[in-house]
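Chemist: Okay, handing you the structure first.
The values are calculated or read from the model by the stated rules, or taken from the named source; none is laboratory data. Since the structure is predicted, the reported quantities are computational estimates derived from the model, not experimental observations. Cβ placement follows ideal geometry from the backbone for every residue including glycine, while neighbour counts extend to all protein chains displayed.
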């Protein structure tokens with residue numbers, strides 16, 4: 001996979017690329033991340049990339065010409081152009097799964113009061129938001145999107161461990177424990193120490209459904225549960241609705 005990040009602040013991504021799993025995925029050659037400085041495509045002698053909004057209003061708007069030239073420089077037939085925007089589709093695991101199968105992503109990071117809408121309407125394939133709040137620019141959302149995608153690439157994580165994580169199958173993950181066995185008088189659930197893998201899987205399924213029901217019940221509206229999972233969920237509801 002190739003990811004091109006169009007930004008006014010490419011230096012922000014320097015340590016991001018070296019960090020933990022992301023650095024290892026890059027070292028394996030599974031993804032190439034390039035930072036493209038939009039300012040390099042400005043034809044203004046002062047490399048200006050913004051201007052006042054037509055109709056008045058606060059702040060500055062990123063001009064269309066440098067952005068268009070930057071997109072044109074890196075875009076190919078298999079590219080998908082994504083604008084990180086608070087007005088975009090809210091990022092979720094299903095969208096991440098779909099984007100992880102793309103060959104080339106171009107991530108456009110806005111700044112100031114945003115970008116000229118002619119770019120969004122004519123040269124952007126998808127707008128993505130990481131939540132219903134506003135940040136100064138699109139760089140941090142771009143990092144969130146990059147990490148969420150590249151960790152799903154084949155060979156990125158050992159034994160596809162992401163399939164056990166929250167949201168991958170629509171549910172929240174079960175609780176996790178490690179040594180010591182007893183901490184401040186609090187013990188690890190006995191079933192996890194039993195060595196009975198079937199019982200452990202049953203416990204994890206129950207806990208995953210319980211976590212989802214108690215913390216994010218809205219997720220249950222959007223997934224298709226098996227008959228077994230429906231029975232478990234009914235038991236959980238009966239247990240906690242009595243409290």
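Chemist: Test each condition in (1) in contact with a helix residue (DSSP H, G or I) (Cβ under 6 Å, 6 or more places away or on another chain); (2) over 17 Å from residue 106 (Cα atoms) for residue 14 and report the one that comes out false.
Modeler: Result: residue 14 fails condition (1) only.
Chemist: Next question, about the same structure. Kindly provide the set of residues from segment 221-234 that are assigned to a helix (DSSP H, G or I), touching a residue at least 24 places away in the same chain (Cβ under 8 Å) and surrounded by 10 or more Cβ atoms within 10 Å (Cβ to Cβ), ordered by number.
Modeler: First, the residues of segment 221-234 that are assigned to a helix (DSSP H, G or I): 221-222, 227-234.
From what is left, the residues that are touching a residue at least 24 places away in the same chain (Cβ under 8 Å) are 222, 229, 232-233.
229, 232, 233, listed by residue number.
Chemist: Just need a number here: residues in segment 1-25 that are within 17 Å of the chain's Cα centre (by Cα), assigned to a helix (DSSP H, G or I) and touching a residue at least 60 places away in the same chain (Cβ under 8 Å).
Modeler: 5
Chemist: Quick one: is residue 113 in contact with a strand residue (DSSP E or B) (Cβ under 9 Å, 6 or more places away or on another chain), surrounded by fewer than 18 Cβ atoms within 10 Å (Cβ to Cβ) and at pLDDT below 95? Step through it out loud before you land on a result.
Modeler: Working: in contact with a strand residue (DSSP E or B) (Cβ under 9 Å, 6 or more places away or on another chain): yes; surrounded by fewer than 18 Cβ atoms within 10 Å (Cβ to Cβ): yes; at pLDDT below 95: yes.
Criteria met by residue 113.
Chemist: May I pose another question? Find all pairs meeting these conditions: Cβ atoms under 9 angstrom apart; at least six residues apart or on different chains; first residue within segment 93-121 and on the phi > 0 side of the Ramachandran plot; second residue surrounded by fewer than 17 Cβ atoms within 10 Å (Cβ to Cβ) and part of a strand (DSSP E or B).
Modeler: Close Cβ pairs satisfying both conditions: 114/87.
Chemist: Counting just the residues of segment 173-187 that are under 33 Å from the mean Cα position of the chain (by Cα) and within 21 Å of residue 215 (Cβ to Cβ), which one comes out surrounded by the fewest Cβ atoms within 10 Å (Cβ to Cβ)? Lay out the reasoning, then the answer.
Modeler: Kept after step one, since they are under 33 Å from the mean Cα position of the chain (by Cα), are these residues of segment 173-187: 173-180.
Checking which are within 21 Å of residue 215 (Cβ to Cβ) leaves us with 173-177.
Working: 173: 16, 174: 19, 175: 14, 176: 9, 177: 13.
For segment 173-187, the residue satisfying everything is 176.
Chemist: Looking only at segment 147-172, count how many residues are in contact with a helix residue (DSSP H, G or I) (Cβ under 9 Å, 6 or more places away or on another chain), at pLDDT below 95 and either in a helix (DSSP H, G or I) or loosely packed, with under 10 Cβ neighbours inside 10 Å (or both).
Modeler: Total meeting the criteria: 2.
Chemist: If you don't mind, there's one more thing I want to ask. Within segment 124-136, track down each residue that is touching a strand residue (DSSP E or B) at 6+ places or on another chain (Cβ under 6 Å) and modelled with pLDDT of 95 or more. Before the answer, list the steps.
Modeler: In the first step, residues of segment 124-136 are kept if they are touching a strand residue (DSSP E or B) at 6+ places or on another chain (Cβ under 6 Å); the result is 124-129, 134.
Listed by number, the residues that qualify are 124, 125, 126, 127, 128, 129.
Chemist: Exactly one of (1) touching a strand residue (DSSP E or B) at 6+ places or on another chain (Cβ under 7 Å); (2) over 15 Å from residue 140 (Cα atoms); (3) exposed (fewer than 13 other Cβ atoms within 10 Å of the Cβ) is unmet by residue 77. Its number?
Modeler: Only one criterion in (1) touching a strand residue (DSSP E or B) at 6+ places or on another chain (Cβ under 7 Å); (2) over 15 Å from residue 140 (Cα atoms); (3) exposed (fewer than 13 other Cβ atoms within 10 Å of the Cβ) is unmet by residue 77, namely (1).
Chemist: Has segment 99-107 got at least one residue that is modelled with pLDDT under 95, under 27 Å from residue 224 (Cα atoms) and surrounded by 12 or more Cβ atoms within 10 Å (Cβ to Cβ)? Even if it seems obvious, please write down each step before you answer.
Modeler: The first filter runs over segment 99-107 and keeps only residues modelled with pLDDT under 95, leaving none.
Within segment 99-107, none of the residues are modelled with pLDDT under 95, under 27 Å from residue 224 (Cα atoms) and surrounded by 12 or more Cβ atoms within 10 Å (Cβ to Cβ).
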